[in-house]
Amino acid sequence: MAACTPPPPNYPYKDEPDPRNHELTLGVGDVVDIRVWENQNLNTESTIRPDGTITMPLVGDLKAVGETPSGLRAKINTQLAEFLKLNGTETTVAVRSWHSYRFRIDGEVSRPGIYSSDQYLTVADAIALAGGPTRFAKRNEVKLIRTDAKTHAVHPIPLDYDLLSNGTRTDMNIYVMPGDAINIP
């Protein structure tokens, strides 16, 4: 008696975010380089601490987690305006190291664990990073578990590894977001 394979998942993959179209959101562990034109004593390189803040000369502590580099620059300019005359273009914020992009891959993969990358990865790339599914994996029952950053609602995204890896369903090869978990039973 042959085993019945379940039908392919019916999920609106196109509605999932493509992070390449948005400015990077800063997180704990990221390193930012802040430069204030003609005020070298205010220049600093700072790591976002576990409490989500950085420290900058003259300004002190600033909440950086959840901000974009341009949003952080605007906050810095607002704070600096209390001490300096600025026109808003003197400050730059550059991300030197992006450590907050972490995701988990568990279950039937060669190397389960927590992974990081210096660029956004697709589901297929992330699974390949973990050594791919083992021979015991239920390849058509893969789930990407995503937590909404605003509502904290958790929702599973069904995936069929064979369909996405062989190119039959390229729409399933969505981008892995920070904090996602991929489970391969």
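A few notes on this one:
- Relative to the Cα centre, the charge distribution of segment 101-184, modelled as +1 at Lys and Arg Cβ and -1 at Asp and Glu Cβ, gives a dipole magnitude of about 160 debye.
- A helix-only calculation puts the chain at -3500 deg cm²/dmol for mean residue ellipticity at 222 nm, using -39500 (n - 2.57) for each DSSP H run of at least four residues, averaged over all residues.
- Footprinting exposure proxy ranking of K138, K75, K85, fewest other C-beta atoms within 10 angstrom first, gives K85, K138, K75.
- Whole-number percent relative contact order across segment 101-184, with pairs defined as alpha carbons under 8 Å at least 6 apart: 40 percent
- Given R0 = 30 Å, the distance between the Cβ atoms of T147 and S110 translates into a calculated FRET efficiency of 0.70.
- Options (i) 72, 15, 10; (ii) 42, 15, 13; (iii) 33, 19, 16 - which one matches semi-axes √(5λ) of the Cα gyration tensor in Å as calculated here: (ii)
- The residues neighbouring D30, those whose beta-carbon lies less than 14 Å from its own, together hold a net charge of -2 under the Lys/Arg +1, Asp/Glu -1 convention.
- Among beta bridges identified by DSSP and lying wholly in the chain, the antiparallel ones come to about 90 percent.
- Close amide-amide hydrogen proximity is noted between V142 and L159, Y161, each under 5 Å apart and 5 or more residues distant or on a separate chain (H modeled in the peptide plane; Pro and chain starts excluded).
- Using alpha-carbon coordinates, inclination of helix 69-80 to the longest axis of the chain, degrees: 20 degrees
- Evaluating 6.51 cos²θ - 1.76 cosθ + 1.60 at θ = phi - 60° for every residue in segment 178-185, the Karplus couplings come out as x, x, 5, 10, 10, 10, 10, x Hz, glycine and proline recorded as x.
Quick note: the coordinates plus some simple rules give every number you see, no bench work behind them. Note that the coordinates shown come from a computational prediction; the quantities given were computed from them, not determined experimentally. Neighbour counts are summed over all protein chains in view; Cβ atoms, including those assigned to glycine, are modelled from backbone coordinates with ideal geometry.
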